[in-house]
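The values are calculated or read from the model by the stated rules, or taken from the named source; none is laboratory data. If you're wondering where the values come from, they're calculated on a predicted model, not measured in any experiment. Here the Cβ positions follow ideal geometry from the backbone for every residue, glycine too, while neighbour counts run over all protein chains shown. For accessibility, only protein heavy atoms count, side chains too; no ligands or nucleic acids. Shrake-Rupley method; radii C 1.70, N 1.55, O 1.52, S 1.80 Å.
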Amino acid sequence: MRAVLVLYKVPNDETSIFKNKCMNQTPIPSLYKPRPPNPSSRISFTTKGHFNTVIHTFPHKMVSSSSPAPIITIISKCTVYPHKTSTLNPLKLSISDLNMLSCHYIQKGCLYAAPSLPQTTLIQSLQASLSKTLSIFPPLSGTFRTTPSGHVYVHSNDSGVDFIHAAAASLSISDLLSTNHASNTFQQLFPFHKKLNYTAHFSPIMAVQVTELADGLFIGVAVNHAVTDGASLWHFFNTFAEFSRGALSPSRLPDFRRDSILVSDAVLRLPEGDLKVSFNSDEPLRERIFSFSRESIRMLKAEANRRALPENQIYGEDDGSAVELAGKMSNDTKLKTVTETVEISSFQSLCALTWRAVTRARKIPLLKTTTFRMALNNSVKAYDSNAVKRAIEDWEREPRCFALGNHDGATVQMGSSPRFPMYDNDFGWGKPVAVRSGAANKFDGKMSAFPGRNGGGSVDLEVVLAPDAMAALECDDEFMLYASG
């Protein structure tokens, strides 16, 4: 069996609208589609401070026909505006931003024990904190605009973000966490279900949903993936929590400079008709959280280094194709040659274990090539400045959106990072009980790494596979030797 490791170069600076990514855009009138209210809902309007509120009472939240009967009630929905007027100039989408236009919004959220606050106080406090946070991150309350020349920008025009207040009185924390198999109920705790990034031309770039549970609270965020990456999303989330705790100013400011070589004059021409994701978003899948303790990862790392490959081992294909840049730039592979003996890291060891186990679970023929895609930082020596420039030139010759998915049945793609400060999101009532994601950008072979709640180097791995492959993975002796839960 031939193995291909595809490494994405991810700059450490915030070059993507604020790693970050932003686009200059104002709503395009011809594309604007107002959302009519549900005829069965009762609606009233109020205006208060930086919030324009539309209160809806629905018997259920709308979900796909394949989902279980919904148990979420929408109490109210409003638009939250920045506390201060933005003075930020329009931001041009970079190459790595444009690549994401045909993908879903990012959906990430935190589960908490119930705060000891009255409902009205809680919601108003979160709305006020969100308003202050949006003033620090103006692109998140902006809109997209495509210029006559075809370039896409984010206009930080204070259009605001959606804020949904929901309730699930019959749902408890234990209901959500009693099994490591991710429940479809989690999907109902997020706004913008499978929403395409391109739609920010005529709808909000971000939405926040706060759902009160029987004994807890879930704060779910959906944000345009062409405007933010994982690092900038958690930067926003951390700042949101800081203001909620009473901070007068953020501990860290975002960087909106657009002086990166990734900001190109090339124009991405999107296909005619409806834009779609590059994978089947309705295929049957199973999702599970596997937990790896610090001790098990240390054992795994020691075993991986004991079996370490010799010098000059080749990772990838020697075909001269462009590198995959900024995590999303290309579907080509790039030769990776280790020119010195280096220690295999803990996370690399975990990724290798998962790759092998999933390959076995899929019963892939021995002669078939398998691929593992992941994002790495600037420490990857194989990505020098010349390699980055070649990748940009390759994309500019043929601009294209990033094709997510497992199109050959033998691909694994790792996202997120156990180094993201997900459990730093203390809104004033303690750190999260758990961190979860929604249904966005999930396909057979998609995986996301989260830090374990207890820290210390522990990792929670969110694994999405076809049902048969998941059943086989759960019976894989080597994999389950290190995993728990």
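Values as computed for the structure displayed
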quantity: Region 61-177 - percent relative contact order, Cα under 8 Å, separation 6 or more; calculated: 43
quantity: Of Lys108/Lys431; Lys77/Lys194; Lys77/Lys195; Lys108/Lys276, those spanning more than 26 Å from alpha-carbon to alpha-carbon; calculated: none
quantity: In Hz, Karplus ³J(HN,Hα) per residue of region 190-195 (6.51, -1.76, 1.60; θ = phi - 60°; x = Gly, Pro); calculated: 10, x, 6, 4, 6, 7
quantity: Relative contact order, percent, region 125-273 [alpha-carbon distance under 8 Å, six or more residues apart]; calculated: 27
quantity: Gain in span if fully extended, Ser385 to Asp468, counting 0.36 nm per residue against the direct Cα distance; calculated: 25.6 nm
quantity: Residue-level accessible surface for Leu101, protein heavy atoms, 1.4 Å, Å²; calculated: 0
quantity: Region 155-258: mean projected area of Cα convex hull, nm²; calculated: 8.4
quantity: Solvent-accessible area, 1.4 Å probe, carbon plus sulfur percent, for region 163-289; calculated: 49
quantity: Distance in nm between pseudo-label sites at Ser178 and Glu478 (7 Å out along the Cβ direction from Cα); calculated: 3.6
quantity: In Hz, Karplus ³J(HN,Hα) per residue of region 430-443 (6.51, -1.76, 1.60; θ = phi - 60°; x = Gly, Pro); calculated: x, 6, x, 7, 7, 10, 9, 10, x, 8, 5, 6, 10, 8
quantity: Residues whose placed amide H lies under 5 Å from that of Leu275, excluding near-sequence neighbours; calculated: none
quantity: In order through region 298-303: 3J(HN,Hα) via Karplus (6.51 cos²θ - 1.76 cosθ + 1.60), integer Hz, x for Gly, Pro; calculated: 5, 5, 5, 4, 4, 5
